[in-house]
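**Q** Below you will find the structure I want to go over with you.
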């Protein structure tokens with residue numbers, strides 16, 4: 001009976017290890033699937049990469065869109081981080097410039113990466129960043145403060161009934 005019990009335990013161990021491996025593989029596969037889902041549906045307000053300024057040539061001066069700016073810092077990131085201004089009115093298609101302010105109050109060098117989100121999420125396809133501090137990792141020395149630029153435009157194809165968009169950046173610590 002001991003041998004039968006060992007065989008059963010061995011089979012159970014192999015099955016459990018296979019389940020752990022499958023769950024780990026599934027977790028890694030979810031990241032690109034989630035990115036694809038966000039890209040297709042516009043969920044989570046993910047914005048695209050940099051666009052060329054020539055795409056913003058058509059300015060709709062007949063209407064205004066208010067863009068609100070917010071910033072948040074994740075746990076483990078000791079920086080002070082906020083928008084230089086909290087709102088801005090722009091004409092769709094008009095290139096606008098603002099900035100975010102960051103300060104590292106610690107006594108050690110720290111790196112951070114800002115991740116943007118646009119609300120409502122489906123309007124993210126109409127928010128275009130030309131220049132953004134979020135395109136690369138930011139490194140601040142101890143006590144260093146920095147103004148980080150953001151140049152953007154709201155697409156003239158934004159539906160006319162949308163009058164307000166919120167751009168939010170979450171700052172994550174980056175190591176290595």
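The values are calculated or read from the model by the stated rules, or taken from the named source; none is laboratory data. None of the values given here were measured: they were computed from a predicted structure. Counting neighbours? That spans all protein chains shown, and the Cβs are built from the backbone with ideal geometry, glycine included.
**Q** Restricting to region 132-155, name every residue that is within 19 Å of residue 97 (Cβ to Cβ), in a loop (DSSP other than H, G, I, E, B) and out of contact with any helix residue (DSSP H, G or I) (no Cβ under 8 Å at 6 or more places or on another chain).
**A** Across region 132-155, the qualifying residue is only 136.
**Q** Which of the residues belonging to region 97-118 are under 15 Å from residue 69 (Cβ atoms) and crowded, with 17+ Cβ neighbours inside 10 Å?
**A** Taking region 97-118 and keeping what is under 15 Å from residue 69 (Cβ atoms), we get 97-102, 114-118.
98, 100, 102, 114, 116, 117, 118, listed by residue number.
**Q** Hey, another quick one. Taking only region 11-46 into account, find how many residues are modelled with pLDDT of 70 or more and in contact with a strand residue (DSSP E or B) (Cβ under 8 Å, 6 or more places away or on another chain).
**A** Result for region 11-46: 0.
**Q** Considering each residue of region 62-86, count those that are assigned to a strand (DSSP E or B) and over 19 Å from the mean Cα position of the chain (by Cα), and give that number.
**A** Total satisfying the criteria: 2.
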